[in-house]
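Scroll down for the structure; my scribbles are underneath it.
Please treat every number below as a calculation from the coordinates, not as lab data. On a predicted model such as this, the values are computed, not experimentally measured, just so you know. Every residue, glycine among them, receives a Cβ derived from its backbone with ideal geometry; neighbour counts consider all protein chains shown.
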Amino acid sequence: MPLVHAVNVTKSFHHNEVLKGIDLDVDRGQVVCLLGPSGSGKTTFLRCINQLETIDGGRIWVDDELMGYADRDGKLYRLKNKEIAAQRREIGMVFQRFNLFPHKTALENIVEAPTQVKRESKKTARERAMKLLDRVGLADRCNAYPAQLSGGQQQRVAIARALAMQPKLMLFDEPTSALDPELVGEVLAVMRELALEGMTMIVVTHEMSFAREVADTVVFMDGGVVVEAGPPKDVIGNPQHSRTQAFLSRLRSEHEHP
Amino acid sequence: MSTDTTETRPADASPDRPGAINAVPVRHPGRWVAIAVIVILAGMLVHLLVTNKAFDWRFVFQAMNQQPVIHGFLKGTLLVTVLSMIVGVGGGVLLAVMRLSDNPILAGVSWVFTWFFRSIPRYILLFTMGTLGILFPQGIAFGIPFDWKIMDWLGMSGDWRFFTLDANQVFTGIVAGVIGLGLSEAAYMAEIARAGIMSVDKGQAEAAEALGMSSGKVMRRVVLPQAMRVIVPPTGNETIAMLKDTSLLLAVPVIAELFYQLQSIGSTYYKTFPIAVAATLYYLAATSVLMVGQYFLERHFGRGFGTKAPRAARPAGAGGA
């Protein structure tokens, strides 16, 4: 069974159906990039995977565990908040606007969840946090507050914070969209390295070069459905569907004439 | 920031390029006039304070130094302020969390509480607290609710009460004062805490939830510490207001209170004005101390928000890895 197995996921906000039956399988170690115009539902789908949004229909399994519900003899029971929190521990998430805790230093941000949620000792958590900061190239900024870091640095700390929980799966919600163009590269470099180390990743992004180079599968969404999915050389290099073609050519022309 | 500030500045070098600016500053004659007026007024004030016999400074300091006055200040003013603010802040945060919860019953209870206690003037609330004992002539018992009814149905006699407090003992003195002022304060603090909680970006709670924190942890570890930055300044205001509102304790009545004690000295010696001065000095001193405390609280909860760099960029290895 794949690590992430989503079947017929639907979600509406106030009678506005944002997801209209999404199917997605992600194998262990795979990197999947979700592409699509804004409003296509890709961010909503990502948030459904770790239950920041509750789904209206369909099922999502992560590592053979049904997300949000217990299935007893075919009847679904909603999980308690505590149980949902436990499921989220296995899934790291990186946000578009970083969402670092501004009242804590970089190091404290990373140490927070392992010590508070997993009850790890301060010492172990700090040691691993320093290693993670070193890995994202920010060991020398460990005592800086988020406000003292650039956007790119904040996002790298946010990645380290998510990794500190030793997740099986990492979700990235447009991780470079809020960054100045010259800071995008440093964040993508960290993500690229993470992919090479075999982390399973689902990435909502507009960075075509990243998707082309790093993704195993590219999923193009539009209007709440998956329009096209496959290896990047097919979906990006030779799109079959007219909506994919239109989106990619629009993106290309914006890139050439910003 | 960067260390490579080695570029040469040509401004000093060549005569045809303008160099450093050495201009005549704008003059402010109005400021000098204002300073002169203020100096004269201050001089008149000092003269008044020193020479006017009505101040009777000897009597002021003697009155301030009386045992019942000091006791009244420590117990009726300071202790009641501290206890009432503990009840008020704790209750206020609880009410704010209730008000913001999805549960309509909790939100409704919070709303009704706030409505009720904000509507009653504190003086009247304290007066009412002092008389509340009349509601419970048999005392306030702790046990199974409606025990006499249940007993009735079961055909038994006796009661299921573990212990009973005399209501006239509860609703009297300092206790009644703290209950009254604390509940009233909780209603105001609820709004302050609610504003603070709502000021925290929703992404903060989401990030904490995505890390697997329980909703209680999200509130305690992430939302409230950031809300405090918004909550502390108006709470400082509330504490200072509370300090002064303890003078309303007389309505309960509580006589172990600063102003009542000073007044009784004043009426004994027929000196009312020096008593007012003595009370003013006490309240000025206490408020000053509170303001210092507020400064440190604001500094603590402002961590990471200012533009100052308190302890940035220390060398790596702090984790001992």
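For B:V178, the stated conditions do not hold, so it cannot be described as surrounded by 12 or more Cβ atoms within 10 Å (Cβ to Cβ), on the phi < 0 side of the Ramachandran plot, under 27 Å from the mean Cα position of the chain (by Cα) and in a loop (DSSP other than H, G, I, E, B). With respect to B:I192, determine if the residue is over 24 Å from B:Q62 (Cβ atoms) and out of contact with any Gly (no Cβ under 6 Å at 6 or more places or on another chain). Here the answer is yes, as B:I192 does meet what is asked. Reported count of residues in the range A:107-131, each being outside any helix (DSSP H, G or I) and at the interface with chain B (Cβ under 7 Å from one of its Cβ atoms), is 1.
Within the range A:66-106, the set of residues being charged (D, E, K, R), exposed (fewer than 15 other Cβ atoms within 10 Å of the Cβ) and at the interface with chain B (Cβ under 9 Å from one of its Cβ atoms) comprises A:K82 only. Residues that are more than 14 Å from chain A (Cβ to nearest Cβ) and crowded, with 21+ Cβ neighbours inside 10 Å number at least 2 in the following helices (runs of 4 or more DSSP H) confined to the range B:198-280: B:224-245, B:258-269.
Could we say that B:R221 is basic (K, R) and closer than 29 Å to B:F116 by Cα here? Here the answer is no, as B:R221 does not meet what is asked. Within the range A:135-146, being within 9 Å of another protein chain (Cβ to nearest Cβ) and surrounded by fewer than 17 Cβ atoms within 10 Å (Cβ to Cβ) holds for one residue alone: A:D140. Among the residues of the range A:156-173, is any more than 14 Å from chain B (Cβ to nearest Cβ), surrounded by fewer than 18 Cβ atoms within 10 Å (Cβ to Cβ), under 22 Å from A:L52 (Cβ atoms) and in contact (Cβ under 8 Å) with a residue 60 or more places away in the chain? Within the range A:156-173, none of the residues are more than 14 Å from chain B (Cβ to nearest Cβ), surrounded by fewer than 18 Cβ atoms within 10 Å (Cβ to Cβ), under 22 Å from A:L52 (Cβ atoms) and in contact (Cβ under 8 Å) with a residue 60 or more places away in the chain.
Being closer than 19 Å to A:L46 by Cα, of a type in the set (F, W, Y) and touching a strand residue (DSSP E or B) at 6+ places or on another chain (Cβ under 8 Å) holds for only one residue in A:F172, A:F98, and it is A:F172. Set side by side, the residues B:T77, B:T51 differ, and just one is buried (at least 16 other Cβ atoms within 10 Å of the Cβ) and either free of Cβ contacts under 8 Å to residues at least 24 places away in the same chain or of a type in the set (S, T, N, Q) (or both), which is B:T77. Within the range A:204-247, the set of residues being of a type in the set (A, V, I, L, M, F, W, C), assigned to a helix (DSSP H, G or I) and within 25 Å of A:R97 (Cα to Cα) comprises A:M208, A:F210, A:A211, A:V214, A:F247.
Regarding B:A187, is this residue in contact with a helix residue (DSSP H, G or I) (Cβ under 6 Å, 6 or more places away or on another chain) and closer than 22 Å to B:Y123 by Cβ?
Criteria met by B:A187.
Scanning the range B:91-124 for residues that are closer than 25 Å to B:P225 by Cα and not in a helix (DSSP H, G or I) yields B:L100, B:S101, B:D102, B:N103.
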